């Protein structure tokens, strides 16, 4: 999923300051999974901001609504019925959701309540970790299901470097050296000789794209 | 006809080679390089110039190498892949060769978070092994990566680093083999204190036939003090200092610790000379360049050979 | 007695709290009147930070949770999870400038009755002034 974390409350208060009628819009997908922008978190943030407004002596209205996925046009369109009541939308979606809403309701200012961070997994309850950088050319098979581009701090394809210590990355002793993990994993499959070949330079143009990347599927269109 | 790399000549002759290291200043003053050059003149066959080591901004390695050449010394251009993409790297390789630099050492580089610009983007467009391949392609096939022809190929002796003490140990010889296959002509190792472990690594390398395929220079660094020894053991990854050595330094009175550090270094060189497959020494006396002269002299490595123009 | 207890306390409590039957609840509500609102929950682990925030927003000067003693939760970790959620709610109200003590947790080590706990908590919050974020007329 895409992970995000709530911006500091002071920053959010600053951003909503010019507005009096705000729709706090949550998302039931990725940001709900990482406990940043789901229905519950949206309710908590709205309650907190209402209390904060009282402390500031401000009279504002904050309503809450959560859609299944904020990044899908068809799920956002129904908001059309209520959007006129508000002078701003405080979105608890990821960057994709915020922009999708901004695109549809372009006359309403939209404020991001979250900082979008990474593509990752819920490794354990309350613990999310990055595991994909969206390179556009997945090579996970070659590395036993461990992505060196994401999990090696130098994204080496012919690692390891000489900096690891006790199997941990030189950058952070809490972070395992991805190459240590890859070597251990491939050893389990007796496929360690795969690492004898020199992995060629990555085609980064598949990640960088020519501007924002897109996918078009005619068989999926109306 | 261009002069061949001094290192290459010495290896071709079968003699032991000596390289030393020179760190560029954190400033624009060329005098800093010239001063170090004088301390190292005649003490080593070629002098490595580090490339923004520890991700700290310093005068560029390429520029500093140019200054060394103007001072009549032979540099080894260290290139890290952390700061430049493949366009800039290949461009620098062409420039280096044009300036008369004859040796290049390809490295990953310390992560940018270590240095004084931790918010910088770490590039790592290529990794060190891919860089070796790219340089070899430019030199031997006369093209840039991807096949576009060069008007003139760079002439460079290609080096890489090896760390016999880093994790995972069993994999290190595989990595060494990859670097050789990619095109490394010479290897400089991380500094050696634990000779038993180093010999183990050399044995593994020899078993794979690697010591015949590449020229290995063993790295040595004289310890300045017991504190330095303890610091390196604790904080610097890939350095293995046996406890007996630390004890030995600690038991030496402070005003004699530098001398003892040099003694240990000389003993290490002596043992290294006896290991089959060692083709020379890479002396990294960081911010203690004066020590290099004393070490090579007492190790019987002087005078350094000089060759007539070829 | 009631004049002293002008604070409005929202008290959430685990069903297993000693002497916390429906009858006990009603007699407490009679005793304290509007000063206290009681919320039984099946396990303290069912508390959400949101409940505590909403209590403060709607009507309470303080919102507290009492739990079974540490190590004695029927569902093993309920009270430990509750502790973390209370902490989170405290951090949130502190971040907007409210006193952290308006939210709290009491782990009932000495197995006191609901009435006894209510009395002690009311006393411990008596120094707090009426909440500036409470909705009026509630």
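The values are calculated or read from the model by the stated rules, or taken from the named source; none is laboratory data. Because the structure is a prediction, the values reported are computed rather than measured. Note: ideal-geometry Cβ built from the backbone for every residue, glycine included; neighbour counts use all protein chains shown.
In table form, for the structure just shown:
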{"quantity": "Residues being within 21 Å of the chain's Cα centre (by Cα), assigned to a helix (DSSP H, G or I) and more than 24 Å from residue B:5 (Cβ to Cβ) - total across the range B:251-296", "calculated": "12"}
{"quantity": "Any hit, the range B:54-66, residues being within 14 Å of another protein chain (Cβ to nearest Cβ), surrounded by fewer than 23 Cβ atoms within 10 Å (Cβ to Cβ) and in contact (Cβ under 8 Å) with a residue 24 or more places away in the chain", "calculated": "yes"}
{"quantity": "Residue in the range B:151-159 that is modelled with pLDDT under 95 and touching a strand residue (DSSP E or B) at 6+ places or on another chain (Cβ under 9 Å) present", "calculated": "no"}
{"quantity": "Matching residues in the range B:96-118 - criterion: being over 15 Å from residue B:58 (Cα atoms) and either within 14 Å of chain A (Cβ to nearest Cβ) or not in a loop (DSSP other than H, G, I, E, B) (or both)", "calculated": "B:96, B:97, B:98, B:103, B:104, B:105, B:106, B:107, B:108, B:111, B:113"}
{"quantity": "Count of the range B:170-184 residues which are at the interface with chain A (Cβ under 7 Å from one of its Cβ atoms) and farther than 19 Å from residue B:207 by Cβ", "calculated": "1"}
{"quantity": "Members of the range B:153-164 found to be outside any strand (DSSP E or B) and buried (at least 19 other Cβ atoms within 10 Å of the Cβ), listed by number", "calculated": "B:154, B:156, B:163, B:164"}
{"quantity": "Which listed residue is within 14 Å of chain A (Cβ to nearest Cβ) and under 26 Å from residue B:184 (Cβ atoms), from B:83, B:45, B:92", "calculated": "B:83"}
{"quantity": "Qualifying residue in the range B:128-151 (condition: farther than 24 Å from residue B:180 by Cβ and within 14 Å of another protein chain (Cβ to nearest Cβ))", "calculated": "no"}
{"quantity": "Answer residue from the range A:176-190, given it is under 33 Å from the mean Cα position of the chain (by Cα) and loosely packed, with under 14 Cβ neighbours inside 10 Å and is farthest from residue B:170 (Cα to Cα) among those", "calculated": "A:189"}
{"quantity": "Single condition residue C:80 does not satisfy, out of (1) within 13 Å of the chain's Cα centre (by Cα); (2) within 14 Å of chain A (Cβ to nearest Cβ)", "calculated": "(1)"}
{"quantity": "Members of the range B:234-251 found to be under 16 Å from residue B:284 (Cβ atoms) and without any contact (Cβ under 8 Å) to a residue 24 or more places away in the chain, listed by number", "calculated": "B:236"}
{"quantity": "Flag if residue A:150 is closer than 30 Å to residue B:190 by Cβ, in contact with a strand residue (DSSP E or B) (Cβ under 6 Å, 6 or more places away or on another chain) and either within 14 Å of another protein chain (Cβ to nearest Cβ) or not in a helix (DSSP H, G or I) (or both)", "calculated": "yes"}
{"quantity": "Meets criteria (in a strand (DSSP E or B), surrounded by fewer than 23 Cβ atoms within 10 Å (Cβ to Cβ) and either in contact with a strand residue (DSSP E or B) (Cβ under 6 Å, 6 or more places away or on another chain) or without any contact (Cβ under 8 Å) to a residue 24 or more places away in the chain (or both)) for residue C:54", "calculated": "no"}
{"quantity": "Qualifying position, being touching a strand residue (DSSP E or B) at 6+ places or on another chain (Cβ under 7 Å), closer than 15 Å to residue B:278 by Cα and free of Cβ contacts under 8 Å to residues at least 60 places away in the same chain, among B:216, B:187", "calculated": "B:187"}
{"quantity": "Any hit, the range A:181-190, residues being assigned to a loop (DSSP other than H, G, I, E, B) and at pLDDT 90 or above", "calculated": "yes"}
{"quantity": "Breaking point among (1) closer than 30 Å to residue C:99 by Cβ; (2) modelled with pLDDT of 95 or more, for residue A:59", "calculated": "(2)"}
{"quantity": "Unique match (being within 14 Å of chain A (Cβ to nearest Cβ), in a loop (DSSP other than H, G, I, E, B) and more than 21 Å from residue B:295 (Cβ to Cβ)) among B:240, B:167", "calculated": "B:167"}
{"quantity": "Flag if residue B:187 is facing chain A (nearest Cβ under 10 Å), buried (at least 17 other Cβ atoms within 10 Å of the Cβ) and under 14 Å from residue A:162 (Cβ atoms)", "calculated": "no"}
{"quantity": "Subset of the range B:83-102 [without any contact (Cβ under 8 Å) to a residue 60 or more places away in the chain and within 17 Å of the chain's Cα centre (by Cα)]", "calculated": "B:101"}
{"quantity": "Flag if residue A:219 is more than 10 Å from every other protein chain (Cβ to nearest Cβ) and assigned to a helix (DSSP H, G or I)", "calculated": "yes"}
{"quantity": "Hits in the range C:17-51 - residues which are loosely packed, with under 14 Cβ neighbours inside 10 Å and closer than 24 Å to residue C:93 by Cα", "calculated": "C:34"}
{"quantity": "So residue A:145, is it in contact (Cβ under 8 Å) with a residue 40 or more places away in the chain, assigned to a loop (DSSP other than H, G, I, E, B), closer than 24 Å to residue B:83 by Cβ and more than 10 Å from chain B (Cβ to nearest Cβ)", "calculated": "no"}
{"quantity": "Residues being within 10 Å of chain A (Cβ to nearest Cβ) and over 12 Å from the mean Cα position of the chain (by Cα) - total across the range C:50-67", "calculated": "4"}
{"quantity": "Given (1) farther than 20 Å from residue B:6 by Cβ; (2) touching a residue at least 12 places away in the same chain (Cβ under 8 Å), index of the condition residue B:231 fails", "calculated": "(2)"}
{"quantity": "Of all residues making up the range C:83-138, the number that are within 12 Å of chain A (Cβ to nearest Cβ), in a loop (DSSP other than H, G, I, E, B) and surrounded by 15 or more Cβ atoms within 10 Å (Cβ to Cβ)", "calculated": "6"}
